[in-house]
Amino acid sequence: MSLHLTLSARIRKSPFFEAARAAGMTHASVYNRMYLPVSYGDPAAEYRRLMEGVAMWDVGVQRQIQLAGPDAMALAAFLTPRDLSRCQAGQGKYVPLCDFDGRLINDPVLLKLNEQLVWLSIADSDMLYWARAVAALKGFDVAVSEPDVSPLAVQGPLATKVVSDLIGDWVRSLKFFWFRETELDGIPLVVARSGWSKQGGYELYLRDGSYGTALWERVAAAGKAYGIGPGAPNTVERVESGLLSCGTDTDDESNPFEANLGHLIDLDRAQDFAGKAALAAIRDAGPARRLMGITIEGAPLSVNETPWPIHAADGQAGTVRAVVHSPRLGRNIAIALLGRAHCAVGGQVIVDCPDGQRSAVVSELPFMR
Ligand code: THG
């Protein structure tokens with residue numbers, strides 16, 4: 001029998017929740033203490049729509065942490081090891097956030113609205129308290145809040161047609177991760193070329209939750225001609241594409257080097273930032289573990305509910321963080337966190353699957369470009 005989790009007032013709803021429910025949401029997860037719709041009952045159709053057409057996703061769980069005030073950029077620059085000195089207003093940047101020991105605690109998209117206003121569009125951990133604590137300890141002149149802002153993603157090869165019909169032709173010239181403030185018949189939005197897939201698309205950041213259903217319906221209407229349907233951040237596609245899911249692929253001791261984000265860690269910056277010394281030490285020693293691909297033999301596997309142990313001849317080698325059966329590759333592929341002695345491409349390992357042990361082969365990430 002299937003297990004049901006109960007909806008309750010303690011878990012927050014996105015402004016698109018009721019529209020997503022009306023559209024046939026069948027499965028939800030929890031992210032940033034909110035419901036995240038994950039399926040509408042037909043995973044194969046949802047994958048196909050993302051790969052060949054266009055899908056709309058309620059990703060209101062991607063909460064914004066707003067930094068407002070004269071020290072907004074100074075706080076942002078202290079929170080991330082990535083160099084923001086050339087980041088312009090209207091530009092987004094993917095920014096790992098680390099604690100003082102170099103642990104990876106979140107990996108938001110940063111949006112610089114202007115010199116005194118920054119949003120961190122966060123993954124699943126409580127960055128509001130962290131950002132407030134850091135701002136207070138550093139004495140920065142900045143107000144840290146969680147504003148009423150909720151992204152709706154439009155993803156897939158036909159997303160540009162839908163969003164340009166809806167918002168205007170100018171969206172075609174937005175560069176990857178750039179954004180613009182606009183409105184749609186009085187609905188206040190930030191429109192960004194971004195989204196958690198490698199199939200292209202946009203995110204419409206709704207700046208007033210009372211318009212949630214109205215915006216959903218406008219997107220659905222504009223997408224009708226292109227066969228739009230509801231979907232969700234797609235685990236199959238993101239494992240194929242090697243997009244990081246912080247907290248799934250990583251654990252509480254992970255650092256950005258083991259998560260293959262080393263190219264975003266700018267240790268040569270003059271300014272100090274959280275974790276700088278610890279990250280320099282990790283870089284010099286090399287990370288003890290790394291995220292790698294593995295291909296697991298046998299019949300199609302479904303998503304793991306826990307990290308499955310991985311063994312090698314000399315003992316425990318690591319864990320499977322996320323496994324899917326890839327329709328494009330026709331194989332079971334997984335993102336694995338492996339000890340550095342076991343990262344050699346082509347190496348053989350053994351995975352403890354729920355139905356028994358299976359052999360697997362190590363590869364680079366991503367599986368597909
Ligand atoms: N969009 C917005 N907010 C988000 C996400 C998003 N918050 C949560 C989560 N996703 C944050 N994590 C990621 C992870 C990867 C990417 C974006 C957000 C991503 N990565 C590209 C890649 O890996 O190829 C590009 C990274 C880069 O510029 O180097 O897009 O999706 N609003």
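The values are calculated or read from the model by the stated rules, or taken from the named source; none is laboratory data. Values in this document were obtained by computation on a predicted structure and should not be read as measured data. Cβ atoms come from the backbone with ideal geometry, glycine included; neighbour counts cover every protein chain shown. Note: accessible area is taken over every heavy atom of the protein model, side chains too, but ligands, DNA and RNA are not part of it. Shrake-Rupley method; radii C 1.70, N 1.55, O 1.52, S 1.80 Å.
Structure above, values below:
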| quantity | calculated |
| --- | --- |
| Contour excess over end-to-end distance, with Cα ends at Arg340 and Ala281 and 0.36 nm allotted per residue | 19.6 nm |
| Label-point separation, Glu52 to Leu3 (7 Å along Cα→Cβ), nm | 3.5 |
| Cubic angstrom per residue, convex hull over Cα atoms of region 251-328 | 136 |
| Straight-distance crosslink candidates among lysines, where the alpha carbon sits under 30 Å from Lys93 and sequence neighbours closer than 8 are dropped | Lys13, Lys112, Lys138, Lys161, Lys175, Lys198, Lys276 |
| Whole-number percent relative contact order across region 309-369, with pairs defined as alpha carbons under 8 Å at least 6 apart | 28 |
| Alpha carbon convex hull of region 43-87, projected area averaged over orientations, nm² | 5.6 |
| 5 Å-binned pair-distance histogram of region 170-285 (Cα, whole percent) | 2, 8, 14, 15, 16, 13, 12, 9, 6, 4, 1, 0 |
| Estimated distance in nm for a label pair at Asp252 and Glu181, the labels positioned 7 Å out from Cα along Cα-to-Cβ | 4.0 |
| Estimated vicinal HN-Hα couplings, Hz - region 317-327 in sequence order (Karplus 6.51, -1.76, 1.60; Gly, Pro = x) | 9, x, 9, 7, 8, 8, 10, 9, 9, 8, x |
| Ratio of Rg to Rh over region 104-144 (Cα coordinates, Kirkwood Rh, two decimals) | 0.96 |
| Debye-sum result for the chain in log10 I(q)/I(0), which assumes one identical scatterer on each alpha carbon, at q = 0.10 Å⁻¹ | -0.65 |
| Ratio Rg/Rh, restricted to region 72-119 and using Cα atoms, in which Rh is the Kirkwood radius | 0.95 |
| Per residue value of the accessible surface for the chain (all protein chains in place, 1.4 Å probe), Å² | 44 |
| Peptide ranges 231-237, 355-361 listed from the most packed, as the mean C-beta count within 10 angstrom indicates | 231-237, 355-361 |
| Highest average packing first - 215-226, 299-310, Cβ atoms within 10 Å | 215-226, 299-310 |
| Two-site FRET efficiency, Glu115 against Ala143, from Cβ-Cβ distance with R₀ of 22 Å, rounded to 0.05 | 0.90 |
| FRET efficiency, Ala225 to Arg328 (Cβ-Cβ, R0 25 Å, nearest 0.05) | 0.40 |
| Top of Gln116, Gln64, Gln271 by mean-square fluctuation, Gaussian network on the chain, Cα under 10 Å | Gln271 |
| Segment Ala288-His27, extension gain: residue separation times 0.36 nm, minus the distance between their alpha carbons | 90.3 nm |
| Förster radius 30 Å - calculated FRET efficiency between Arg10 and Ala270, Cβ distance, rounded to 0.05 | 0.10 |
| Percent RCO, i.e. relative contact order, over the chain, from Cα pairs under 8 Å lying at least 6 residues apart | 17 |
| Dipole-positive endmost among Val54, Pro147, Leu243 within the chain (Cβ charges, Cα centre) | Val54 |
| Rounded D (µm²/s) - region 122-232, Kirkwood Rh over Cα pairs, Stokes-Einstein at 25 °C, 0.890 mPa s | 159 |
| Evaluated at q = 0.10, 0.15, 0.16 Å⁻¹: base-10 log I(q)/I(0), Debye formula over Cα of region 275-369 | -0.27, -0.57, -0.64 |
| Relative contact order [Cα under 8 Å, 6+ residues apart], region 63-132, whole percent | 37 |
| Tail beyond 23 Å, pair distance distribution of region 1-114 (Cα, percent) | 49 |
| Radius of gyration, Dmax [region 55-213; alpha carbons; angstrom] | 15.5, 47 |
| Full-stretch length increase - Thr306, Ala89 - with 0.36 nm per residue and alpha-carbon distance subtracted | 74.1 nm |
| Note, ³J(HN,Hα) from phi for region 230-245, Karplus 6.51, -1.76, 1.60, rounded to Hz, x at Gly and Pro | x, x, 7, x, 9, 5, 4, 5, 6, 6, 4, 8, x, 6, 6, 10 |
| Spatial separation of Cα centroids for region 231-247 and region 73-141, in angstrom | 23 |
